[in-house]
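What follows is one structure encoded as structure tokens, with my remarks underneath.
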Amino acid sequence: MKQIYYVIQTLIHGRGSNIIKVVSLGLGLTMSILLFSRVVYEQSFDTCFKDHDKLYQLWDIWTVNGEPFPPSEFIIGAAAGGILDAMPEIVESAASTGSWPVSAPIYNGSVRFDDFKVTADSLFFQTMGIEVLSGDPVRELQQKDVIFLSKDLADKMFGGENPIGKIISFNKEIELTVKGTYAALPENCTMRPKAVISLPSIWSRRIGNYSWEGGDSWKEYIRLKQDIDLDELNKRIDVVVQQHIPRSDKFGITVIAKPVRDTYRGYDEVKRMRNIMLILGLSILFITALNYVLISISSLSRRAKSIGVHKCSGAGTGTVFGMFMWETGIIILLSLFLMVFLMLNFRDFVEDTTAAKLESLFAVGRIWVPLGVTAFLFFIGGVLPGRLFSKIPVTQVFRRYTEGKKGWKRPLLFIQFAGVAFI
């Protein structure tokens, strides 16, 4: 308890430099934790689906005169079903989805809803691993003019009433019957529809090309029964596809499967932004830690005599080291309060910039990110100056020091850190 008392007295005595430390650490922690949390959040995309490691998305690669195009996640409509039929010992289920045929709004009476929707076949929920709350999608989605609503959209449309059997309209042209509901999906999903309209609703009106002969505008998925080498799986898929597509000397197509987790984090812009955020986060974290160390060390000549007094009073090296660790812990704790204050008061700006809700960034499964950043800062900021100060000899109390005019260094370090953090 005496250590804590002396630490508090020291903090009060040096409140000027401590305010700079708290503000600097608060800004640094805010920026670095947000950047690292966003990177980890992006790596968690599409893990919301049940047994996501067995869920694969299909991609096609078109070749023209022997020159391949980049892989596209929009493929020909019949591929998923054809693969399921040809490989039942490996593929458990398959689903085809399309958002473009149902991009128009839906209406409950005169109230318009522009939520994202897809049209999908009867195995959509089984394939994706989405929890169905009510209804039988395997049977109902084989019928035309049927719609399933997510729980949150159903509540928004009907205010908590049972939506089953309700009639809504698509673009005020097609009447749809609500046949079921399903659990709302989190933000970190690449396939996150608020409503699913049966694919026969589109087929019956001759919308789109759903065949082996083109119409590459569908997103398709397969769920595997067992683990299989990805190269072997893609070889077998290619054999199936080549048996069905029309022969052409000019055009060719190859269909491949990729783990659904690799869809979002495989986008070029996502990989580029991930690298940028990692570099910025590491830079800010190191600058923050080193600035704290430098500010602490800059007070060496001023605090050396007080440390000598502590040692004359019986404090050992470990006691002095512990005092500096306590001091660092208290300052970091105050900095965390500042970080929370900034995030809550600038919540809209933070969520708009990171393109994610704070609840998603700091979900229980990702709470290790801020804890890890804080622990790293505590270790660097506490251990380095703590070891340096604890080695000051007792004879220091008998020496006379004259400190030069070095006060400009602290505001300079603060300005340097604040500029880097906000950039």
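Structural remarks
- Pairs linking a residue in region 342-353 that is assigned by TED's automatic domain parsing to the domain that holds residue 22 to a residue that is of a type in the set (D, E, K, R) and surrounded by fewer than 16 Cβ atoms within 10 Å (Cβ to Cβ), with Cβ atoms under 9 Å and 6 or more positions apart or on different chains, are 351/357.
- Verdict on residue 188 being among the polar types (S, T, N, Q), assigned to a helix (DSSP H, G or I) and in the same structural domain as residue 87 (by TED's automatic domain parsing): no
- Filter result for residue 168 (more than 31 Å from the chain's Cα centre (by Cα) and in a strand (DSSP E or B)): yes
- Taken as a whole, the structure places residue 57 among residues that are farther than 28 Å from residue 173 by Cβ and assigned to a strand (DSSP E or B).
- Among (1) under 30 Å from residue 378 (Cβ atoms); (2) of a type in the set (A, V, I, L, M, F, W, C); (3) not assigned by TED's automatic domain parsing to the domain that holds residue 325 - the single one residue 294 does not satisfy: (3)
- Selection from region 353-382 of residues that are more than 14 Å from the chain's Cα centre (by Cα) and either at positive phi or surrounded by fewer than 16 Cβ atoms within 10 Å (Cβ to Cβ) (or both): 371, 372, 375, 376, 379
- Among all positions in region 98-105, there is at least one residue which is under 32 Å from the mean Cα position of the chain (by Cα), in a strand (DSSP E or B) and surrounded by 14 or more Cβ atoms within 10 Å (Cβ to Cβ).
- Being assigned by TED's automatic domain parsing to the domain that holds residue 163, in a loop (DSSP other than H, G, I, E, B) and either at pLDDT 90 or above or under 31 Å from the mean Cα position of the chain (by Cα) (or both) holds for only one residue in 246, 193, and it is 193.
- Scanning region 108-144 for residues that are within 19 Å of residue 166 (Cβ to Cβ), over 29 Å from the mean Cα position of the chain (by Cα) and surrounded by 16 or more Cβ atoms within 10 Å (Cβ to Cβ) returns 108, 134, 135, 137, 140, 141, 144.
- Condition check for residue 275: within 29 Å of residue 48 (Cβ to Cβ), at pLDDT 90 or above and not assigned by TED's automatic domain parsing to the domain that holds residue 85: yes
- For residue 226, the conditions (1) in a loop (DSSP other than H, G, I, E, B); (2) among the polar types (S, T, N, Q); (3) crowded, with 17+ Cβ neighbours inside 10 Å all hold with the exception of (3).
The values are calculated or read from the model by the stated rules, or taken from the named source; none is laboratory data. Please read all numbers here as calculations on a predicted model, not as lab measurements. Cβ coordinates were reconstructed from backbone atoms using ideal geometry, including for glycine residues, and neighbour counts include every protein chain displayed.
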